[in-house]
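A.B. asks: Next up is a structure, given as structure tokens.
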Amino acid sequence: MTMEQNVEEIQENLLKFGCCRVCAVRHLTKPSTINVKTLITASEQDHDEPKRLKQNPCIACLGLFQSPQKDDIINKIISYLKTSKYDSDTFNLAFNLPMCTIIRGHSIALYVSKMRITFNPTIPTAYVCAKDAWKLMAEDAIVKATGKRFDVHSPLLVTVDFHYDDIKDECDCLNAIIKLSNKNLQNILSQMDNKDFVSQYGEMPSVPESTIEFKSVGARHESVYIAGRYNKWSRTLSQTPWIVDQERRLESSVEEIISNPIKKHALADEFRFSSSGREDIDVRMLGRGRPFAIELVNPKLTKFSYEVLREIENEINTDPQVTVTHLQNVVKDQLKELKSGEEFKIKVYKALCYVEGELPDMEKLNNCAPLEIAQYTPIRVLHRRANMVRPRTIHSIKAVATKVGKDNGCSFFNVILSTQAGTYVKEFVHGDFGRTNPCLRTVLENDTVDILALDVLDIEIDWPPPVKY
């Protein structure tokens with residue numbers, strides 16, 4: 001008897017035992033040689049054999065490859081992809097099949113290895129598992145119906161879940177001698193003694209009384225990232241939503257003003273906002289703006305052209321409190337530019353300060369930098385930050401007298417200073433009851449020095465790169 005005759009004989013036996021033709025073929029095919037045409041041909045032959053008993057589901061796939069079940073499930077996947085609005089040109093598939101399909105496959109593989117004359121009867125023959133065969137057939141149909149390409153590296157993963165009523169009864173017989181788990185189930189079975197398996201499970205899988213059922217289909221696209229710079233013109237706007245005891249304190253925030261229009265365009269589930277530092281509510285962000293990035297979670301529309309990004313900018317910029325520029329696509333690896341070497345970045349501020357009485361000698365300030373200071377955690381943030389001392393560097397200071405409103409017995413001056421990122425500038429002005437030292441009060445030797453307003457003029461980070469308008 002030749003090997004080919006032996007294979008044909010085993011295939012006929014599998015059909016008699018209750019396998020569908022697709023399962024009979026895949027159990028006699030090496031994974032490296034399988035192709036979708038072979039599976040489709042087997043499926044068509046199965047469909048064209050009305051004389052074969054079909055009242056019971058296949059003993060291997062539980063009806064997964066049988067008509068009309070197979071076509072109904074594939075059509076549901078196709079319908080989902082066509083209506084879900086994902087614009088990805090590619091897709092990948094994940095199938096969560098009941099673990100009893102793996103157990104049934106292992107049982108049949110043991111039978112085939114025992115029957116094939118050229119194989120070691122103690123080792124299950126390599127075969128195409130139900131999940132891989134189903135993916136091949138489904139992928140082919142989905143590609144033809146949607147025009148999307150299948151790609152194992154696609155950012156769009158379509159997940160299909162199935163249900164089988166009798167899964168507990170089927171697994172209980174093996175659970176008595178080995179703990180089964182969905183994770184690495186095939187490895188667990190391969191390490192099990194074949195005689196123990198057969199004694200508990202039987203020579204071949206039983207004919208199932210119920211059919212595998214489609215449970216759900218869903219999809220998830222990898223996150224997409226958008227970056228840019230923002231200016232904040234308001235002194236009554238927080239960077240992130242200000243919520244205390246589950247109650248909003250302000251109507252909006254920089255994060256929401258920027259992110260909501262982007263989220264709406266992308267049809268994303270949610271967004272995650274990050275930036276290179278943050279300014280206080282009463283501090284404006286001027287100059288080139290603060291670099292920021294937004295992660296769009298599970299976006300459906302992911303193709304942000306130059307024109308679309310400019311439209312989104314214009315929509316955001318209708319809010320007078322915030323202006324966004326240089327909006328662009330970035331990849332996740334680029335986000336490290338926001339946080340890398342954060343403590344060593346230089347930030348430039350302008351502080352409007354005052355002192356009671358005559359203006360002190362501004363040259364004391366102009367000649368004191370660079371200046372090393374020690375800052376304990378400011379009293380105003382002690383409720384949310386650890387009490388610790390932070391060494392910081394003031395790289396340069398330029399103080400210039402100015403006039404503000406009516407003569408009220410105070411002298412005013414602007415201080416432009418460049419500092420190490422993380423410097424608490426307000427506290428550097430007034431000293432925070434001695435918790436920042438030295439400070440402007442100690443340098444000018446005047447305990448009445450205080451701050452009226454603060455602006456961020458620049459954050460010296462050249463990211464993201466400028467967009468050509």
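The values are calculated or read from the model by the stated rules, or taken from the named source; none is laboratory data. Bear in mind that the values here come from a model prediction, so they are computed numbers and not experimental data. With ideal geometry, Cβ positions are generated from the backbone for all residues, glycine too; neighbour counts draw on all protein chains shown. Accessible surface is based on the protein model in full, side chains and every heavy atom, while ligands, DNA and RNA are left aside. Shrake-Rupley method; radii C 1.70, N 1.55, O 1.52, S 1.80 Å.
A.B. asks: For Lys168, give me every one of the aspartates and glutamates with a C-alpha distance below 17 angstrom, ignoring sequence neighbours fewer than eight places off in its own chain.
C.D. replies: In chain and number order, the partners are Glu209, Glu213.
A.B. asks: In the chain, what % of DSSP beta bridges are antiparallel (nearest 5)?
C.D. replies: 85 percent
A.B. asks: Still on this model: Express as a percent, rounded to the nearest 5, the fraction of DSSP beta bridges in the range 3-221 (both residues included) that run antiparallel.
C.D. replies: Of all bridge pairs located within the range 3-221, approximately 55 percent are antiparallel.
A.B. asks: Once you keep just the Cα pairs under 8 angstrom separated by 6 or more residues, what percentage relative contact order results for the range 169-326?
C.D. replies: Reported as a whole number, the value is 28 percent.
A.B. asks: Any idea what the dipole of the chain comes to, in debye rounded to 20, about its Cα centre with Lys/Arg Cβ at +1 and Asp/Glu Cβ at -1?
C.D. replies: In debye, rounded to 20, the chain gives about 400.
A.B. asks: Further question on the same structure: Go ahead and run the numbers for FRET between Trp233 and Thr402, Cβ-Cβ distance against an R0 of 25 Å, rounding to 0.05.
C.D. replies: 0.75
A.B. asks: PRE reach from Glu307 (point 7 Å along Cα→Cβ): which of the range 432-469 fall under 18 Å by backbone N?
C.D. replies: Label zone hits: 468-469.
A.B. asks: Can you tell me the convex hull volume per residue for the chain, based on C-alpha atoms, in Å³ to the nearest whole number?
C.D. replies: Once divided by residue count, the hull of the chain is 215 Å³.
A.B. asks: So, one more: Greater than 32 Å separation of Cα atoms is the criterion. Which listed pairs, Lys135/Lys336; Lys300/Lys339; Lys37/Lys114; Lys347/Lys468; Lys339/Lys468, meet it?
C.D. replies: Pairs exceeding 32 Å: Lys135/Lys336.
A.B. asks: Which value in deg cm²/dmol, rounded to the nearest 500, describes the helix-derived mean residue ellipticity at 222 nm for the chain, given -39,500 (n - 2.57) per DSSP H run of n ≥ 4 and division by the residue count?
C.D. replies: Taken over the chain, the calculation gives -9000 deg cm²/dmol.
A.B. asks: Could you give the dipole magnitude of the range 224-343 about its Cα centre, charging the beta-carbon of Lys and Arg +1 and that of Asp and Glu -1, in debye to the nearest 20?
C.D. replies: Its charge dipole is roughly 260 debye.
A.B. asks: Still on this structure: Set Lys and Arg Cβ to +1 and Asp and Glu Cβ to -1, take the dipole of the chain about its Cα centre, and tell me which of Leu454, Tyr349, Ile103 lies farthest positive.
C.D. replies: Of Leu454, Tyr349, Ile103, it is Tyr349.
A.B. asks: Another one. Check the straight Cα-Cα distances from Lys364 and name the lysines below 17 Å, setting aside those fewer than 8 residues away within the same chain.
C.D. replies: The reachable lysines, counting only those whose Cα sits under 17 Å from Lys364, are Lys398.
A.B. asks: Describe numerically, in nm with one decimal, the distance between label points set 7 Å from Cα along Cα→Cβ at Thr318 and at Thr442.
C.D. replies: Simple spin-label model gives 5.2 nm for this pair.
A.B. asks: With a 1.4 Å probe and all protein chains kept in place, how do Phe214, Phe433, Phe162, Phe17 rank by accessible area, largest first?
C.D. replies: Accessible-area ranking of Phe214, Phe433, Phe162, Phe17, largest first: Phe433, Phe17, Phe214, Phe162.
A.B. asks: Can you tell me the relative contact order of the chain? Whole percent, Cα pairs under 8 Å, sequence separation 6 or more.
C.D. replies: 13 percent.
A.B. asks: What angle do you read, to the nearest 10 degrees and between 0 and 90, between the alpha-carbon axis of helix 254-266 and the longest principal axis of the chain?
C.D. replies: 30 degrees
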